[in-house]
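Report on the structure given below.
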Amino acid sequence: AAERADGFAKVLDGLRAFTRESRGHFWGGDSLGLVDCVLLPYAYRLYALEHYRGFAVPASGEGGVWERYQAWLSRATSLPYVAPTLPERERYLRHVAKYAEGKARSKVGNAVRRGAAAHDYDDTLDDDAAHAQGVK
């Protein structure tokens, strides 16, 4: 739990830096740019961390940092060429539930359940019983 909290604290540090360095309605000025487009898909999906782990991006505080961040997120996700590309929240939460609940059946899911990095995990093994017997 402490490791997750530390990880989320680092996410918040990054969002603070992004917000403080913004030069307008978007990161580089008054129009959506590359930096915004790189962060946006991840920023939009942070509601999944709140739903499954209780980690939420603050709505306000720190001298207006979080109000500015939330305004950026709302502005960016409301753009007519962005909004249709975003997943519907309930559908996305159902999609990621298997990861949040530790039931994903994939190389990454198996590695996470076993506390390994995906690149260190042998993806030819997808059998919990075999792993429990020490088969590698």
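Exposed loop sites here are GluC sites (Glu not before Pro) assigned a DSSP state other than H, G, I, E or B and surrounded by at most 15 other beta carbons within 10 Å; excluding them, the longest clear run of the chain is 1-61. Full extension of the chain between Leu34 and Tyr52 gives 3.6 nm of extra length, using 0.36 nm per residue less the Cα-Cα distance. Label-to-label distance, Arg105 versus Asp122, with points set 7 angstrom from Cα along the beta-carbon direction: 2.0 nm.
Please state the shape class of region 1-93: rounded when a/c is under 1.5, otherwise prolate if a/b exceeds b/c and oblate if not, all from the C-alpha gyration tensor. Note, shape of region 1-93 comes out oblate.
Might you tell me the accessible area per residue for the chain, computed with a 1.4 Å probe and given in Å²? Don't skip to the end; give the middle numbers.
On the way: 8770 Å² over 136 residues.
Counting only protein heavy atoms, the per-residue value for the chain is 64 Å².
Within the accessible surface of the chain, defined with a 1.4 Å probe on protein heavy atoms only, the carbon and sulfur portion equals 55 percent.
The values are calculated or read from the model by the stated rules, or taken from the named source; none is laboratory data. As the structure is a prediction and not an experimental result, all values here were calculated from the model. Virtual Cβ from ideal backbone geometry, glycine too; neighbours counted across all protein chains shown. When the accessible area is computed, the model is the full protein with side chains, heavy atoms only, and any ligands, DNA or RNA have been set aside. Shrake-Rupley method; radii C 1.70, N 1.55, O 1.52, S 1.80 Å.
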